[in-house]
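Asker: Here it is, the structure in full.
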Amino acid sequence: MGRADWLDRSSMDYILAAMMPANRLVMECCIASGLRVSDVLALKTDALARGQRMTVREQKTGKTRRIYWPARLYARMLEQAGRVWVFEGRNDWRKHRTRSAVYKDLCRVARVFRVSGIIAKGVQVSTHTGRKMWAVDEYRRTGDLQSVGRALNHDGRHRETTMLYAMADAITAGKKGRKKSGKRGK
């Protein structure tokens, strides 16, 4: 599997509509916050119950980040939250849902929409697609690459990484164009 690509909102809406409800909500949280799927899955019910604003410690970097959950999403998260974890494991409430469960569901659905043509053949959809969608939206909203990098907790010395996220829509569009032009030449 290649790197995750950005996906436009209308295409993602098709995917979300076809996913299992809990996995869909995980992806919606990634898109709304820019958090990695592992950080969304590690959300605890007691922390969520304290309010729409919360501080999250990223598992990959150890850095903290303030998150504000939109009201409707927050209400849905609370409604389905488990005893310990917001996203309980399927067989054991003491463990959270796994990344692979969300990933497999997402890939299963994306495959269907790739066959139907809603998703271009070369576009790679994964759980990280949600983070890229958030970064593109944030860059469009602010026009400030540095603020996007800070929000994603990217190291300021690696501006190129933030650019890959903030401009993922243009990169994905270029990728689609190359795939199409390659087919015509054969």
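Asker: Just a yes or no: is a residue in segment 58-73 exposed (fewer than 15 other Cβ atoms within 10 Å of the Cβ) and within 27 Å of Phe113 (Cα to Cα)?
Answerer: Looking for residues that are exposed (fewer than 15 other Cβ atoms within 10 Å of the Cβ) and within 27 Å of Phe113 (Cα to Cα), one finds at least one in segment 58-73, hence yes.
Asker: Here are some residues: Val115, Val109. Which one is of a type in the set (A, V, I, L, M) and in contact (Cβ under 8 Å) with a residue 12 or more places away in the chain?
Answerer: It is Val109.
Asker: May I pose another question? Please specify each residue of segment 1-55 satisfying the condition of being outside any helix (DSSP H, G or I) and among the hydrophobic types (A, V, I, L, M, F, W, C).
Answerer: Met1, Ala4, Trp6, Leu7, Met19, Met20, Leu35, Ala42, Leu43, Met54
Asker: Considering each residue of segment 65-85, count those that are part of a loop (DSSP other than H, G, I, E, B) and more than 15 Å from Arg53 (Cβ to Cβ), and give that number.
Answerer: Total satisfying the criteria: 4.
Asker: Checking the condition of a type in the set (Asp, Glu) and in contact with a Gly (Cβ under 7 Å, 6 or more places away or on another chain), which residue from Glu28, Glu88 passes?
Answerer: Unique residue meeting the criteria: Glu88.
No lab work stands behind these numbers, since they all come straight from the coordinates. All of these numbers come straight from a predicted model, not from anything done at the bench. Neighbour counts run over all protein chains shown; Cβ positions are idealised from the backbone, glycine included.
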